[in-house]
Amino acid sequence: MPYDLVVIGSGPGGYVCAIRAAQLGMKVAVVEKDKTFGGTCLNVGCIPSKALLHASELYEEAGHLFGRMGIKVGQRGLDLAAMMKFKDEGVEGNVKGVAFLFKKNKIDTFQGVGRIVAPGKVEVKPAEGKTETLESKAVVIATGSDVARLPGIDIDEKRVVSSTGALVLDKVPERLLVIGAGVIGLELGSVWRRLGSEVIVVEFLDRILPGMDNEVCRQFQRLLERQGIAFKLSSKVTAVDAAGNRLKATVEPAAGGTAETIAADVVLVAVGRGPFTEGLGLEALGVNRDGKGRVVVDARFATNVPGIYAIGDVIAGPMLAHKAEDEGVAVAEIVAGQAGHVNYDVIPNVVYTYPEIASVGKSEEELKADGIGYAVGKFPFTANGRAKVNLQTEGFVKILADAKTDRVLGVHIVGADAGNMIAEAAVAMEFGAASEDIARTCHAHPTLTEAVKEAALAVGKRSIHM
Ligand code: FAD
Ligand code: NAI
């Protein structure tokens with residue numbers, strides 16, 4: 001009997017889509033080329049990076065904060081192999097969780113490379129053994145993304161690494177040169193800086209984290225510099241010479257000019273990611289892609305070929321696990337005849353450094369560019385009781401509200417636990433809240449979330465603790 005839905009790829013987009021489709025009564029199969037389920041996110045992305053960020057943050061605290069809090073432990077030491085094992089166990093638990101959920105939801109799984117040979121026909125080619133063909137009413141492409149490379153710089157995943165190699169280094173590099181001050185560069189740069197590396201970040205643009213609110217990024221850069229990360233902005237790496245014991249990176253001003261050489265033990269290439277469609281057979285099918293190679297879909301995630309849909313990193317939009325998940329749910333509901341929908345105006349974005357950065361909605365720059373009048377309410381963590389007592393006073397909350405209607409248009413947080421705090425803002429925005437609504441909501445004391453309430457009060461120039 002043919003399937004109702006075959007999903008190619010088991011990352012957060014694909015596995016969530018398969019589960020939602022099964023919940024809706026569909027007969028579902030998932031095709032995954034890798035040995036484990038969970039895609040980039042669970043195997044070499046969100047989960048292992050957050051495990052190392054968590055462990056290295058505690059290591060840092062043990063070195064600096066414990067003493068101030070009167071905690072005496074023996075000499076702090078690093079067992080990198082044990083830290084990597086801790087990370088790997090976290091990954092294993094998560095990928096096994098996906099396998100469990102597939103079984104629980106009676107989803108058939110096929111290991112091998114999936115290729116769409118015709119609408120409704122997916123060929124699965126395993127590493128060994130026989131190729132088989134699955135028949136399905138609908139096919140969802142959820143094949144994700146892969147590391148973007150720089151011409152002339154070969155990634156060997158040992159000394160010149162992508163994020164994947166940077167998650168498995170067996171030695172703390174004396175000096176780590178990071179190319180790209182985006183999310184990966186700053187998160188993994190933070191991990192290795194905390195574990196003892198000297199970290200230099202080379203960024204092409206004149207700012208870090210392009211796309212994020214400028215004020216947030218300026219303050220964040222200062223905080224990272226204070227932690228010991230050095231930045232070379234408006235610069236590019238044009239070559240990495242791997243001939244000697246140490247790597248030699250050629251760094252030039254972005255606009256051209258005199259080059260300098262920076263020696264490093266490891267170079268991390270973190271200049272973005274691109275859609276992954278290799279081997280899917282899209283050319284033969286005539287599935288449209290855009291200039292960046294992303295599969296083009298309409299508002300219902302349908303490609304130009306009937307019965308073929310696409311979601312997640314392989315289509316346009318932010319390359320985030322939760323965006324892929326929400327699209328997975330939406331497309332499953334659409335295929336089932338329901339009204340699946342993703343609100344792209346309210347997708348939170350979190351950088352899991354210390355402090356964290358979290359944002360949802362528009363930045364000041366975007367509002368200015370759109371000509372929308374807005375009021376700003378800001379509150380620093382230095383004035384928050386819990387932050388003070390926890391010694392976590394770095395950063396602030398900024399709320400941007402429509403000047404006429406007071407509707408919340410954007411929320412930006414730099415601070416400890418910002419990633420958890422942004423959820424409140426997302427819910428408020430999803431319900432079309434005004435800053436007044438947040439300001440009048442009772443927030444527990446003493447919590448960092450009181451800073452969100454105070455920022456909302458500050459929109460009307462009436463914060464209490466400032
Ligand atoms: P993927 O997770 O890439 O999954 C695609 C799957 O498809 C893979 O398993 C692949 O093997 C499989 N596949 C591809 N082609 C075929 C084929 N032809 N046949 C069979 N299988 C195929 N996002 C966040 O939101 N928060 C984070 O903290 C975060 N941290 C990250 C850290 C790092 C280091 C990286 C690299 C990424 C991080 N991301 C994070 C981004 C996140 O991982 C991606 O946005 C997310 O994984 C995209 O999900 P997806 O389902 O579209 O694709
Ligand atoms: P990115 O797009 O976030 O950042 C890449 C950076 O490299 C940019 O600042 C860009 O200007 C710079 N750059 C590009 N070419 C360059 C060059 N030649 N020289 C110097 N700098 C150059 O990409 P990144 O960090 O690789 O992450 C990829 C994706 O993974 C992101 O889109 C992100 O959404 C996702 N991700 C999300 C995380 C999270 O949500 N916490 C964590 C890690 C990754």
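The values are calculated or read from the model by the stated rules, or taken from the named source; none is laboratory data. Fair warning: this is a prediction, and the values are worked out from it, not measured in the lab. FYI the Cβ positions are ideal-geometry reconstructions off the backbone, even for glycines, and counts take in every protein chain you see. Heads up: the accessible areas ignore ligands, DNA and RNA and are worked out on the full protein's heavy atoms, side chains in. Shrake-Rupley method; radii C 1.70, N 1.55, O 1.52, S 1.80 Å.
Just checking, which of V7, V117, V16 is within 15 Å of ligand 1 (Cβ to nearest atom) and either among the hydroxyl-bearing types (S, T, Y) or open to solvent by 50 Å² or more (accessible area, probe 1.4 Å) (or both)?
V117
Looking at region 256-303 only, could you name the residues that are at positive phi, open to solvent by 20 Å² or more (accessible area, probe 1.4 Å) and under 22 Å from the mean Cα position of the chain (by Cα)?
Those that are at positive phi, open to solvent by 20 Å² or more (accessible area, probe 1.4 Å) and under 22 Å from the mean Cα position of the chain (by Cα): G272, G293.
Just the residues that are modelled with pLDDT of 95 or more and either open to solvent by 50 Å² or more (accessible area, probe 1.4 Å) or within 8 Å of ligand 2 (Cβ to nearest atom) (or both), please, taken from region 152-163.
D154, D156, E157, K158, R159, S163
For region 370-388, how many residues meet the condition of being part of a strand (DSSP E or B) and under 15 Å from A418 (Cα atoms)?
3
State whether the residues of region 327-346 include one that is under 16 Å from the mean Cα position of the chain (by Cα), within 20 Å of V183 (Cβ to Cβ) and not in a helix (DSSP H, G or I).
Yes.
Name the residues in region 399-417 that are under 16 Å from A434 (Cα atoms) and buried (at least 22 other Cβ atoms within 10 Å of the Cβ), would you?
Across region 399-417, the qualifying residues are I399, L400, A401, V408, L409, G410, V411, H412.
Just to check your reading of the model, which residue among G144, G211 is over 30 Å from H64 (Cα atoms), within 16 Å of ligand 1 (Cβ to nearest atom) and at pLDDT below 95?
That would be G211, the only listed residue that is over 30 Å from H64 (Cα atoms), within 16 Å of ligand 1 (Cβ to nearest atom) and at pLDDT below 95.
Would you mind stating whether L320 is buried (at least 19 other Cβ atoms within 10 Å of the Cβ) and either of a type in the set (K, R) or within 16 Å of ligand 2 (Cβ to nearest atom) (or both)?
Yes: the conditions hold for L320.
When you go through L223, L209, L169 one by one, which is the residue that is within 29 Å of R76 (Cα to Cα) and surrounded by 20 or more Cβ atoms within 10 Å (Cβ to Cβ)?
The conditions single out L169.
Quick one: which of I311, I372, I357 is of a type in the set (A, V, I, L, M), more than 28 Å from M26 (Cα to Cα), modelled with pLDDT of 95 or more and buried (at least 24 other Cβ atoms within 10 Å of the Cβ)?
I357
What about V202, is it of a type in the set (A, V, I, L, M) and either within 15 Å of the chain's Cα centre (by Cα) or within 12 Å of ligand 2 (Cβ to nearest atom) (or both)?
Taking the combined requirement at face value, the residue satisfies it.
Looking at I184 and the list (1) part of a loop (DSSP other than H, G, I, E, B); (2) within 15 Å of R273 (Cα to Cα); (3) out of contact with any strand residue (DSSP E or B) (no Cβ under 6 Å at 6 or more places or on another chain); (4) hydrophobic (A, V, I, L, M, F, W, C), which single condition is not satisfied?
It is condition (1) that I184 fails.
Just the residues that are surrounded by fewer than 17 Cβ atoms within 10 Å (Cβ to Cβ) and touching a helix residue (DSSP H, G or I) at 6+ places or on another chain (Cβ under 9 Å), please, taken from region 122-144.
K137
Only one of V335, V346, V360 is more than 27 Å from A21 (Cβ to Cβ) and either touching a strand residue (DSSP E or B) at 6+ places or on another chain (Cβ under 8 Å) or β-branched (V, I, T) (or both). Can you tell me which?
So the residue among V335, V346, V360 that is more than 27 Å from A21 (Cβ to Cβ) and either touching a strand residue (DSSP E or B) at 6+ places or on another chain (Cβ under 8 Å) or β-branched (V, I, T) (or both) is V360.
Kindly indicate the residue of region 64-83 that is modelled with pLDDT under 95 and surrounded by 13 or more Cβ atoms within 10 Å (Cβ to Cβ) and also farthest from S163 (Cα to Cα) among those meeting that condition.
Taking the candidates together, the pick is F66.
Any chance region 9-31 includes a residue that's at pLDDT below 95 and polar (S, T, N, Q)?
Looking through region 9-31, none of the residues is at pLDDT below 95 and polar (S, T, N, Q).
With G185, G189, G180, G165 as the choices, which residue is closer than 14 Å to A264 by Cα and among the small types (G, A, S)?
The conditions single out G189.
Find the residue count for region 84-108, including only residues that are touching a residue at least 60 places away in the same chain (Cβ under 8 Å) and either buried (at least 18 other Cβ atoms within 10 Å of the Cβ) or under 20 Å from A310 (Cβ atoms) (or both).
Residues flagged as touching a residue at least 60 places away in the same chain (Cβ under 8 Å) and either buried (at least 18 other Cβ atoms within 10 Å of the Cβ) or under 20 Å from A310 (Cβ atoms) (or both) within region 84-108 amount to 5.
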